[in-house]
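Down below is the structure, laid out as structure tokens.
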Amino acid sequence: MSDSNATTPFSEVVETQGHLIDSHLMERIFDTVVEFQGKFEVERFEIGRTNSDPSHLRLKIEAPTRESLLQILQTLVSLGCSPVDSGDIETRIIEKDRCAPEDFYSTTNHRTLVRRGQNWIEVENQRMDALVLIKDGRAFCRKLRDIKAGDEVVVGMRGIRVVPESKERDRLAFAFMSNGISSERQVETAVQQTAALIRQSLEANLKIIVVAGPVVVHTGGAVHLARLIRNGFVQALLSGNALGVHDIESALLGTSLGVRQSDGRPEEHGHRNHMRAINAINNCGNIAGAVKVGRLTSGVMYECVKNNVPFVLAGSLRDDGPLPDTVTDMNIAQDLCAEHLKGAGVVLCLGSMLHSIAIGNMLPSWVKIVCVDINPAVATKVSDRGTGQAVGVVTDVGLFLEHLANALVGIGDA
């Protein structure tokens, strides 16, 4: 970084490689420099000759102040740029629990490597908005609330390499992503592509995780999600108290929020049915207890228990009851969700904006997300996560689950 006198701009040379054109990374890099009042000069650019060949970019950037140069570098690192000959990472020792240095490095959801002793080390448990902890020659993502006094963490921007995922790499496996948010006429294509991704992930011994809201029950999708669980297409269910309550209400009383599932008409005194469902589970101890004694014999939660599929029901301020299985400590719920997400290949987000966004923040960028919601704003929010990770499908969740279960299990099959 040059700072010999006040009239000389501060400068840095950075490099990056990847599918820079297909993923629009090059224009984002240039725009970033200009946004922070900087200038750039392309010293070298080599375009990949085939779809699988990466392109290479070497860029000299200049900024009027050290602060603006640092802002540029912080954004460019997240886009996959690395300062040339930046040396090893800088680290500091934490002095107080949950308190990091001012200049700590905050991670992205992209694959990240740090340089230590001239060796590049891949950061484990990759997720966004974390610190990088160095321990026993390894590097880990660690949430701010989990940092302890004595921990060694990465600071600054040196010795860090970020590798963004690329749309081009995934063109064949996830082709419908190139169209962004799917419209109704694209739903069948999205279902077929999602089914193919699920099969590919299972063949690669990767997990299929479902993030679901109570709309799954309201739209009649619970029976189809239950089919997927029963036939081995779901390895974990992440949701809230509401899904569990309304699924159990439907299984025990035939209603969802007091509305009959059979004909869509309100049940007399049906407004209390969800509380009756909670009370029934309380009397059995928990959901597994209700299954064991034969009180609960169908539904999504029943299939999870019968097929040993783990589930996390994270509590919220608005919960009634809640169910005895609901985790009301939010830190514990976050940790449980993060643990089940390890080894995931595909995450299906079904009609739950807050849970979908939260789970998306825990995931590395190479795990595929399919977000299904009738509200385009939800699908857009979840799919706006960079290059190629997520797609939004705007449609009725129950309809999507029916088509997906038919594609994976078969029409009419149990």
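The values are calculated or read from the model by the stated rules, or taken from the named source; none is laboratory data. Remember, it's a predicted structure, so these values are computed and weren't measured experimentally. FYI the Cβ positions are ideal-geometry reconstructions off the backbone, even for glycines, and counts take in every protein chain you see.
Overview of results
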item	result
Residue match in segment 300-311 (condition: at pLDDT 95 or above, part of a loop (DSSP other than H, G, I, E, B) and either among the hydrophobic types (A, V, I, L, M, F, W, C) or more than 23 Å from Thr194 (Cβ to Cβ) (or both))	yes
Test: residue in segment 391-399 that is modelled with pLDDT of 90 or more and touching a strand residue (DSSP E or B) at 6+ places or on another chain (Cβ under 7 Å)	yes
Single unsatisfied condition, Thr107 versus (1) touching a strand residue (DSSP E or B) at 6+ places or on another chain (Cβ under 6 Å); (2) part of a loop (DSSP other than H, G, I, E, B); (3) in contact (Cβ under 8 Å) with a residue 40 or more places away in the chain	(3)
Single condition His340 does not satisfy, out of (1) touching a Pro at 6+ places or on another chain (Cβ under 9 Å); (2) at pLDDT below 90; (3) not β-branched (Val, Ile, Thr)	(2)
Residue among Ala405, Ala333 that alone is buried (at least 20 other Cβ atoms within 10 Å of the Cβ), free of Cβ contacts under 8 Å to residues at least 24 places away in the same chain and in a helix (DSSP H, G or I)	Ala333
Those residues of segment 343-376 which are more than 10 Å from Ile209 (Cα to Cα), outside any helix (DSSP H, G or I) and either hydroxyl-bearing (Ser, Thr, Tyr) or under 12 Å from the mean Cα position of the chain (by Cα) (or both), in sequence order	Ser352, Leu363, Pro364, Ser365, Trp366, Val367, Lys368, Val370, Cys371
Test: residue in segment 293-312 that is touching a Phe, Trp or Tyr at 6+ places or on another chain (Cβ under 6 Å), in contact (Cβ under 8 Å) with a residue 60 or more places away in the chain and under 28 Å from Val367 (Cβ atoms)	yes
Options Arg138, Arg145, Arg115, Arg98: the member that is modelled with pLDDT under 95 and not hydrophobic (A, V, I, L, M, F, W, C)	Arg115
Members of segment 300-332 that are polar (S, T, N, Q), over 20 Å from the mean Cα position of the chain (by Cα) and over 15 Å from His355 (Cβ atoms)	Asn307, Asn308, Thr328
Those residues of segment 11-40 which are of a type in the set (Val, Ile, Thr) and touching a residue at least 60 places away in the same chain (Cβ under 8 Å), in sequence order	Val13, Val14, Thr16
Members of segment 117-139 found to be surrounded by fewer than 17 Cβ atoms within 10 Å (Cβ to Cβ) and part of a strand (DSSP E or B), listed by number	Asn119, Trp120, Glu122, Glu124, Lys135, Arg138
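So that you can scan it fast, the table gives a plain yes or no per residue for (1) assigned to a strand (DSSP E or B); (2) out of contact with any strand residue (DSSP E or B) (no Cβ under 8 Å at 6 or more places or on another chain); (3) loosely packed, with under 12 Cβ neighbours inside 10 Å:
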| residue | (1), (2), (3) |
| --- | --- |
| Gln37 | no, no, no |
| Phe45 | yes, no, no |
| Thr50 | no, yes, yes |
| Leu59 | yes, no, no |
| Val77 | no, no, no |
| Gly80 | no, no, no |
| Ser86 | no, no, no |
| Pro101 | no, no, no |
